[in-house]
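Colleague: The structure that follows is given in the form of structure tokens.
The values are calculated or read from the model by the stated rules, or taken from the named source; none is laboratory data. All of these numbers come straight from a predicted model, not from anything done at the bench. Here the Cβ is made from the backbone with ideal geometry for all residues, glycine too, and neighbour counts use every protein chain on show. Just the protein is used for accessible areas: all its heavy atoms, side chains included, with ligands, DNA and RNA removed. Shrake-Rupley method; radii C 1.70, N 1.55, O 1.52, S 1.80 Å.
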Amino acid sequence: MLNIIHEICDLCGTCVSVCPFDALELFENRLKLKEENCTQCLLCLNVCPLHAIEEDSE
Amino acid sequence: MRSRYDIVVVGGGPAGSSAARSAAMRGKSVLILEKDRDIGIPVRCAEAVGEIGLKRFLDPKPEWISNKVNFARLIAPDGTAVEVSHHVGGYILNRKVFDFDLAQMAAQHGANIMTKTHVYDLKRDADGKINGVKYLYLGKPCEVESRIVIAADGVESRLSRLAGIDTVLRLQDIETCVQMTVANVRLDRQYCDFYFSSRLAPGGYVWVFPKNDHLANIGLGISGEHNAPRAAIDYLKEFIQSHYPDASILTTVAGGVPCAPYMDRMVTDHFMVVGDAAHQANPMTGGGIVLAIWAGQICGEVAADAIDGNDTSQKRLRQYEKLWYDAGGKVHIRSYRLKEAVYRLTDDELNRTAHKINKLAPENRTLVSIFKTALLHNPKLISDIIKVFLS
């Protein structure tokens, strides 16, 4: 699973714009991951300008 | 605030305000919904704009402008600076004030505006036709009806996806950006600097845009393809540390800029997309302020005419796509090809090009001759470009 580090996230939406599966959403000043849509393709993690998304080790 | 408008615009940036203003000027009732607390904040932008471009649409007010720049330097990987000989007239804006004013202009023509409104879905009638939006205002679910919805909701444009328009960007078509506004730097405020180097900013460039003699927007964009394992923030920290070690950081913002082929589909029934959401930024430079205002104007005009003609179908709204293409489509396509060519140059090729250009008489170092030299001295590139133009 992906882990969003909210302390780092700047809410810029770059990850949302590349997600092919509509698994990310900026919702009321918080980046939300819709786990049911996520295929863990990691595009969002690779494109984040700030390293605010990481792979959860669990 | 009413329960029904002719047009609801989602997003209060330059594209949204411009579309709202041009529709309101034509007598339409318009509502702008902005998700953030303030119009104009945060500023996810390097704030540079061409003087000629801006003046085509607006009469610049002094309070919009932090600084006027007259010259540009392109800096090669080995540090060779190429000074563009001709006068490059540009402004470094104060986007907080600028965006606020653009929204105010729309309001003066009768547009209603609300902030802190998070649009989370489109509203549809019994037949599935888009007829408004659903939003949260101060945490409360609300709805508003409209005959047309205009999505000016920025690079992430989720609304377009909900409307069935594919706005997903490929990694090579987004520039991953970070910018810091820094103080305690020494600058010549007349100069904008652009650094091209795969070491400093792979698949993109670093910009240094002075807001005055000791304050600047310093940022960079790198191709989404090159953002891992090192990300834009790592490149920028390194650049500032090495070039401006005494800088104090007053602002840090991240953002994604669409540097993508043009979208051939920007409308569907009762729905239009504009600005970064429609990938209208210039793919070579990432500049999008004037282009957003321009497209917003066309978008608002077509929306108003469509409502007057009582036909807001996709077929009618496609007039916007056509007018946009006639106005800027060809430049957009050319810029995308240029981006692909320039970012394919190796650091060696960039260095050699810079040395060649600096042998030209200073008065001949125009942007056109710089690009020509870049292309002439890289036969590989010429054949690539011919291929793109013939394809």
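Colleague: Please work out which residue is farthest from the chain's Cα centre (by Cα), limiting yourself to region A:7-33 and to residues that are in contact (Cβ under 8 Å) with a residue 40 or more places away in the chain and more than 7 Å from chain B (Cβ to nearest Cβ).
Modeller: Filtering region A:7-33 for residues that are in contact (Cβ under 8 Å) with a residue 40 or more places away in the chain and more than 7 Å from chain B (Cβ to nearest Cβ), the one farthest from the chain's Cα centre (by Cα) comes out as A:I8.
Colleague: Next question. If we keep just the residues of region B:233-259 that are surrounded by fewer than 24 Cβ atoms within 10 Å (Cβ to Cβ) and among the aliphatic types (A, V, I, L, M), which is nearest to the chain's Cα centre (by Cα)?
Modeller: Top of the filtered list is B:V253.
Colleague: Contact list please: Cβ distance under 7 Å, first residue in region B:265-292 and at positive phi, second residue β-branched (V, I, T) and open to solvent by 20 Å² or more (accessible area, probe 1.4 Å), pairs at least six apart or on different chains.
Modeller: Listed pairs, sorted by first residue: B:G286/B:V257.
Colleague: Looking at B:L200, B:L187, which is the one that is more than 13 Å from chain A (Cβ to nearest Cβ), within 26 Å of B:R334 (Cα to Cα) and surrounded by fewer than 24 Cβ atoms within 10 Å (Cβ to Cβ)? Reasoning before the result, please.
Modeller: Values: B:L187 fails: within 26 Å of B:R334 (Cα to Cα).
None of the other options fit; the residue is B:L200.
Colleague: If you check B:T176 against the conditions, is it touching a residue at least 12 places away in the same chain (Cβ under 8 Å) and open to solvent by less than 10 Å² (accessible area, probe 1.4 Å)?
Modeller: Yes; evaluated as a whole, the condition is true for this residue.
Colleague: Sticking with this one: In region B:261-272, what count of residues is obtained for those that are within 17 Å of B:D153 (Cα to Cα) and either open to solvent by less than 10 Å² (accessible area, probe 1.4 Å) or touching a strand residue (DSSP E or B) at 6+ places or on another chain (Cβ under 7 Å) (or both)?
Modeller: Qualifying residue count, region B:261-272: 5.
Colleague: Another question, then. I need the full set of residues from region B:284-297 which are open to solvent by 20 Å² or more (accessible area, probe 1.4 Å), among the β-branched types (V, I, T) and assigned to a helix (DSSP H, G or I), in order please.
Modeller: If the condition is that a residue be open to solvent by 20 Å² or more (accessible area, probe 1.4 Å), among the β-branched types (V, I, T) and assigned to a helix (DSSP H, G or I), then B:V290 is the only one that fits.
Colleague: Just need a number here: residues in region B:140-161 that are within 29 Å of B:N310 (Cβ to Cβ) and of a type outside the set (A, V, I, L, M). Steps first, please.
Modeller: Taking region B:140-161 as the starting set, the residues that turn out to be within 29 Å of B:N310 (Cβ to Cβ) are B:142-153, B:157, B:159-161.
Now narrow it down to the ones that are of a type outside the set (A, V, I, L, M): B:142-143, B:145-147, B:153, B:157, B:160-161.
The total comes to 9.
Colleague: Can you confirm whether region A:26-42 contains a residue that is open to solvent by 20 Å² or more (accessible area, probe 1.4 Å), touching a helix residue (DSSP H, G or I) at 6+ places or on another chain (Cβ under 7 Å) and modelled with pLDDT of 95 or more?
Modeller: The answer is no, given that none of the residues of region A:26-42 is open to solvent by 20 Å² or more (accessible area, probe 1.4 Å), touching a helix residue (DSSP H, G or I) at 6+ places or on another chain (Cβ under 7 Å) and modelled with pLDDT of 95 or more.
Colleague: Here's a follow-up. What is the residue count in region B:156-178 for residues that are within 18 Å of the chain's Cα centre (by Cα) and facing chain A (nearest Cβ under 10 Å)?
Modeller: Number satisfying all stated conditions: 14.
Colleague: May I ask you to list the residues in region B:207-232 that are buried (at least 23 other Cβ atoms within 10 Å of the Cβ) and not in a strand (DSSP E or B)?
Modeller: B:G224, B:N227, B:A232
Colleague: Please find, within region A:43-52, the residue that is surrounded by the fewest Cβ atoms within 10 Å (Cβ to Cβ) out of those that are within 10 Å of chain B (Cβ to nearest Cβ) and in contact (Cβ under 8 Å) with a residue 24 or more places away in the chain.
Modeller: Out of the qualifying residues, it is A:H51.
Colleague: Is there a residue being of a type outside the set (A, V, I, L, M), part of a helix (DSSP H, G or I), more than 24 Å from B:D101 (Cα to Cα) and away from every other protein chain (no Cβ under 12 Å) anywhere in region B:261-283?
Modeller: No, the conditions are met nowhere in region B:261-283.
Colleague: Please pick out the residue among B:D153, B:D193 that is in the same structural domain as B:T117 (by TED's automatic domain parsing) and either under 22 Å from the mean Cα position of the chain (by Cα) or at positive phi (or both).
Modeller: B:D153
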